[in-house]
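To start, the structure itself, in C-alpha cells.
The values are calculated or read from the model by the stated rules, or taken from the named source; none is laboratory data. Since the structure is predicted, the reported quantities are computational estimates derived from the model, not experimental observations. Cβ sites come from the backbone with ideal geometry, for glycine too, and all protein chains shown count toward neighbours.
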Amino acid sequence: MTVIKRIPVTAWVIIVLVVALAIFVLTRLDTGTLGRQAAEAAAVAAPGAVKVDKGPAELPNDANMKTVAQTPQLELKMDAASGHFAVVDKRNGNVWRSYPSPDQWANETQEGQWRVHLRSPVMFRYIDLSGKLSQPKESNLLEERGEIKDIATIDGGFRLTFDMPSKEITIPIEVKVDGDSVVTKIIDSGVKEGKLSLIWVRLYPFFGAERSEGQDGYLFVPDGSGALIPYDPNSTNVNRIYQEPIYGQDLSFKVNSEPNSRNQVVMPVYGAKSQDRAYLAIVEDGAEQVEIVGSPSGVFSGYNWITGQQNYRSTYRQVTNEAKNRSFTTYNKDERFGGDRAVRYVLLDKPKANYVGMAERYREYLIKTHDLKTITPKSNKMPMLVNIIGAVQEDGLITDRYLKTTSTSDAMKMVQRLYGLGLDNMVVNYLGWQEDGYNALGAPLRVDKRLGGVEGMKQFTQYARTLDIPVYLNTNYAFNNTDAGKFNRNRHGLRDLGGTVMGRLVSMGFLGSLLDREITYIKDLGATGITAEGIGADVFSDFNTNYPASREENRKLQQSYLKKFRDGGLDVRGANTPFANHTNFFAVPYVSAIDGLSDDYSFDSFSDTAIPFAQISLHGLVSYTSFAANNRDEYQKQFLRDLEYGSAPSFMFLYENAEQFKYANTDLHPYSPDYRDWEAEAVKEYQKVNEALGDVQDKFIINHRELAPEVKETTYAGGKRIIVNYGTQTYRNGSITVQPLDYLIVKGGTTP
C-alpha cells in the first residue's frame, strides 16, 4: 500500500507561485528567438522591480550581461540589474557599452553627483511648476534609487521601464539591434509625470564614452559642414561644451535676443572615434526636439562623451503687458513635447572607423531611407551657378527706395555675354525678380513690371532654354512683409506659446492653398523651378489657433510643400544665405541642389578642425555650391576649399547700379557685383573647376585626409585625387609636389 504524504500548505503556496511565475514569463516574454540563458535571465528579472542601489563607483559586471538578440554583425547583451547593455561587434571583437569604458574607470577622479551620472543609464532634468520660485534640477536613476520594471524581450532586443517613484517620473524604453546598428527608443505613450514636470531626458548619455589618455580620438559634431573635437588629456577648459538644437532654435520658445554665432545644425547626426573604433549616431524619431550635447574630457568628468538630449519642455516668454514690454519666463506645465525618441548608433568596422566612414555610412542611410539616386550630369563640365540680382531696396533718408539692378532684358544680355565667353553650362538663380525686389517677401509673388513683367520674364526664360540654361526663381514663402495673398499677421502669422505674433513669420498651414496657384504661375513664366529660402530651412512650433503645429508637424508641412513643387513639374534648389536660412537635411529628398552649403565650422572654442562631412554625404547624390566666389574673404584659399570639398562654382552678378548697391538694405553684399568686373575671372575659375571636378560629379567621395599641416587630399570613386595646399611652404612627397596656395590633380590609379 502506497502512503501519500500530506503536502504542507506553505509548499502549496510555493508551487502556486512558481506556476504563476511560469505563466507570467510565457505570456510576457517573447523568447522564441532567444537562447536558454537569455530567456532564463529575463525570467528572473521580470517578476518584480529590481532595486538599483546608489553604491560606490562600480560599473556593471560583464558576467551579468545576458544575450538577448543578435544580427549577423552584432550581439546585444543586457544587464537586468542595472538597465545597461553591451553590444559585441562580431566583425572585429569590439565591445560597445552604454556606460563609460570600465578599463579606464579607476582613473576617474570625479566625485559627487556627476560620478553618479556617469554610472546611470538615464539622466533627466525636472522642475516643480506648482511654485513660482522653483528652479530646474538634474537627477538620474541611481540618485533617485529608482527601479527597473517591466523587463521583457522583444523582437531584436529588450524593453524595460525606468521608474523614479520619488519624483513620480516613469520612462519606458526599448533597445534593439538592426544590422550594424543598435537603436534606442523612448516610448512616448508610457512616459509619465506626477506633480513634477520633465524638461529633458538623456538616455544612455555615456554610450561609448572614453577618456583621453593614450587615445587617438575625437567627438564629431554637425557644426557647419562638420567639426571634430579632438581628445585632449591635458584639457582644463571647463566651459568648452557643445550644445546645439537639431534644425536650429525654435523661435516660439526663444526668450532672449542674443545672437548665436554658431552654425545651425542641419544634419541630425553626431559621433565619436577612439583608436580603431567609431560610431555614428543618427537621430531618427523626434529629431526636432533634440539638442546635441558634446562634452570633452575635463569639463564634467575625465570622459569624452556626446549624446542626444531629448527635450520635453522649453522656456517661453509669457507677456503680461505688451505695451510696457513686461513679461516673465516659464515652462508649460500642462503639455510636453510628444512623440517617440529614437537614436540609431551605427557601429563602424575597423577600416571605416573615422569621420569619412561616418559620412559614408550616413550617405548609405540617406540612399536607403529616401531612395536617393546618383545624379546624371548634363555634361562633363561642372554647372556654374550665376545668381542674378533683379532689384533690392536701397536705404533712403526717410524711406527705402527701389533700386533696379538687372532687368529681364539685362539678364538676357548678361547670359548671352557669359555664354559666349565659354560659360556653356550655367544655372541661373534670379533673385529680387518679384514686385519691390529681393526684400519684398510673401506668397504669391509676381514679376515686377519695372524689370520687364511677365512677358519680359517669359522672353528671358525662353532665350535661356535655347542655350540649355535652366532658370530658377528665388523665393521665400516663410516670411511675408507685403501682405501678399491677403496675409494678415494676426490671423495668419506664427505665434509663440505665449500668444505673441512672431514678426512677419508665416504659419506654415496658411501657405497650402496659395502654393498651387504659385506653381501654375511660375510654370507659365517658363522657369525650371524655384530656389527655396525659408521652406526647408527653419522649423518652429506654431501656436496660432488657426494653424497649430508642433515642430515635427511644421517640418512635415515643409516637406509636403517641397514635394508639391516637385510633383507640380518644378525643380527645387535649397538655399543657404550667409546670415539667415540654412537648408536642413530633411529637405534633401526633395531638392536637386543646395546653394551655399556650409564649408567651415563656427570658429568658437569647442573645435579647431572642420571636415567635409556634409559634402562626403551628398556628393554624387545632390549637387551643391559654396557661397558666391565674389563674396570670398580670402579668394584663393576659399577657391581651394571649393576644390577640396567638391563644390560647384558660384558667382553673384548684377547689370547696373553696382555703386549704389552697397547701400542696399539686404544681406546680399558681394564685392564688386558688376558682372563685367568678374567675367574673366569667372571663365578662368570655370575652366579650373571643370578640369578638377567635371568628370567626378556623379562619383562618391571615398576618402579625405590631411597629408601634412595645411595640406588636404580628397579621393573620389575611381581613384581621382585632389590635393590642396593652404600653407606657405611647398609640399613634397615622392613624385607629388604642390606649391603654396595651389592644388594638384592626381588621376585615378596613381599613388604618391
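Key figures
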item	result
Odd one out for Trp200 among (1) at pLDDT 95 or above; (2) surrounded by fewer than 19 Cβ atoms within 10 Å (Cβ to Cβ)	(2)
Single residue of segment 545-587 satisfying the filter (out of contact with any helix residue (DSSP H, G or I) (no Cβ under 7 Å at 6 or more places or on another chain) and within 23 Å of Arg491 (Cα to Cα)) that is surrounded by the most Cβ atoms within 10 Å (Cβ to Cβ)	Ser550
Candidates Ser607, Ser647, Ser617 - the one that is in contact with a Phe, Trp or Tyr (Cβ under 7 Å, 6 or more places away or on another chain), at pLDDT below 95 and surrounded by 22 or more Cβ atoms within 10 Å (Cβ to Cβ)	Ser607
Top-ranked residue of segment 507-519 - restricted to ones that are touching a residue at least 60 places away in the same chain (Cβ under 8 Å) and among the aliphatic types (A, V, I, L, M), ranked as surrounded by the most Cβ atoms within 10 Å (Cβ to Cβ)	Leu511
Criterion: over 27 Å from Asp538 (Cβ atoms) and aliphatic (A, V, I, L, M) - qualifying residue of Ile171, Ile229	Ile171
Residue among Ser617, Ser626, Ser541 that alone is under 30 Å from Ser297 (Cα atoms) and in contact with a helix residue (DSSP H, G or I) (Cβ under 6 Å, 6 or more places away or on another chain)	Ser617
Residue in segment 213-220 that is among the acidic types (Asp, Glu) and not in a loop (DSSP other than H, G, I, E, B) present	no
Options Ile530, Ile522; residue that is surrounded by 21 or more Cβ atoms within 10 Å (Cβ to Cβ) and touching a helix residue (DSSP H, G or I) at 6+ places or on another chain (Cβ under 7 Å)	Ile530
Matching residues, segment 672-695, being of a type in the set (Phe, Trp, Tyr) and closer than 17 Å to Tyr655 by Cβ	Tyr675, Trp678
Of all residues in segment 131-158 being β-branched (Val, Ile, Thr) and buried (at least 19 other Cβ atoms within 10 Å of the Cβ), the one that is farthest from Arg202 (Cα to Cα)	Thr153
Qualifying residues in segment 464-490 (those that are among the hydroxyl-bearing types (Ser, Thr, Tyr) and surrounded by 19 or more Cβ atoms within 10 Å (Cβ to Cβ)) - the one nearest to Thr528 (Cα to Cα)	Tyr472
Qualifying residue in segment 708-728 (condition: more than 32 Å from the chain's Cα centre (by Cα) and not assigned by TED's automatic domain parsing to the domain that holds Gly432)	yes
One residue from Val238, Val255 being closer than 28 Å to Ser598 by Cβ, assigned to a loop (DSSP other than H, G, I, E, B), hydrophobic (A, V, I, L, M, F, W, C) and at pLDDT below 95	Val255
Qualifying residue in segment 570-579 (condition: within 25 Å of Leu385 (Cβ to Cβ) and small (Gly, Ala, Ser))	yes
Selection count where residues are surrounded by 15 or more Cβ atoms within 10 Å (Cβ to Cβ), part of a helix (DSSP H, G or I) and small (Gly, Ala, Ser), scope segment 660-719	3
Subset of segment 436-455 (residues that are surrounded by fewer than 20 Cβ atoms within 10 Å (Cβ to Cβ) and free of Cβ contacts under 8 Å to residues at least 60 places away in the same chain)	Asp436, Lys449, Arg450, Gly453, Glu455
Pairs where the first residue, in segment 146-170, is without any contact (Cβ under 8 Å) to a residue 12 or more places away in the chain and not assigned by TED's automatic domain parsing to the domain that holds Met65 and the second is among the basic types (Lys, Arg) and outside any strand (DSSP E or B), C-beta under 6 Å, 6+ apart	none
Any chance Glu394 is touching a strand residue (DSSP E or B) at 6+ places or on another chain (Cβ under 8 Å) and surrounded by fewer than 23 Cβ atoms within 10 Å (Cβ to Cβ)	yes
Those residues of segment 86-130 which are of a type in the set (S, T, N, Q) and either buried (at least 22 other Cβ atoms within 10 Å of the Cβ) or more than 18 Å from Arg211 (Cβ to Cβ) (or both), in sequence order	Asn92, Ser98, Gln113, Ser120, Ser130
Hits in segment 360-380 (condition: assigned to a loop (DSSP other than H, G, I, E, B), surrounded by 12 or more Cβ atoms within 10 Å (Cβ to Cβ) and within 21 Å of the chain's Cα centre (by Cα))	Leu372
Filtered residues of segment 651-680 (kept if among the small types (Gly, Ala, Ser) and farther than 28 Å from Arg401 by Cα)	Ala680
Residue match in segment 536-544 (condition: touching a residue at least 40 places away in the same chain (Cβ under 8 Å), surrounded by fewer than 19 Cβ atoms within 10 Å (Cβ to Cβ) and touching a strand residue (DSSP E or B) at 6+ places or on another chain (Cβ under 9 Å))	no
Residue within segment 336-353 that is farther than 29 Å from Asn554 by Cβ, in a helix (DSSP H, G or I) and at pLDDT below 95 present	yes
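Let's see how each residue does on (1) under 38 Å from the mean Cα position of the chain (by Cα); (2) more than 28 Å from Glu681 (Cβ to Cβ):
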residue: Ile398; (1), (2): no, yes
residue: Leu418; (1), (2): yes, no
residue: Leu423; (1), (2): yes, no
residue: Met426; (1), (2): yes, no
residue: Tyr430; (1), (2): yes, no
residue: Arg446; (1), (2): yes, yes
residue: Lys449; (1), (2): no, yes
residue: Gly453; (1), (2): no, yes
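The rows are residues; the columns are (1) of a type in the set (Val, Ile, Thr); (2) closer than 26 Å to Pro102 by Cα; (3) within 27 Å of the chain's Cα centre (by Cα).
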| residue | (1), (2), (3) |
| --- | --- |
| Arg115 | no, yes, no |
| Met123 | no, yes, yes |
| Lys132 | no, no, no |
| Glu138 | no, yes, yes |
| Arg159 | no, yes, no |
| Phe162 | no, yes, no |
| Lys167 | no, no, no |
| Glu174 | no, yes, yes |
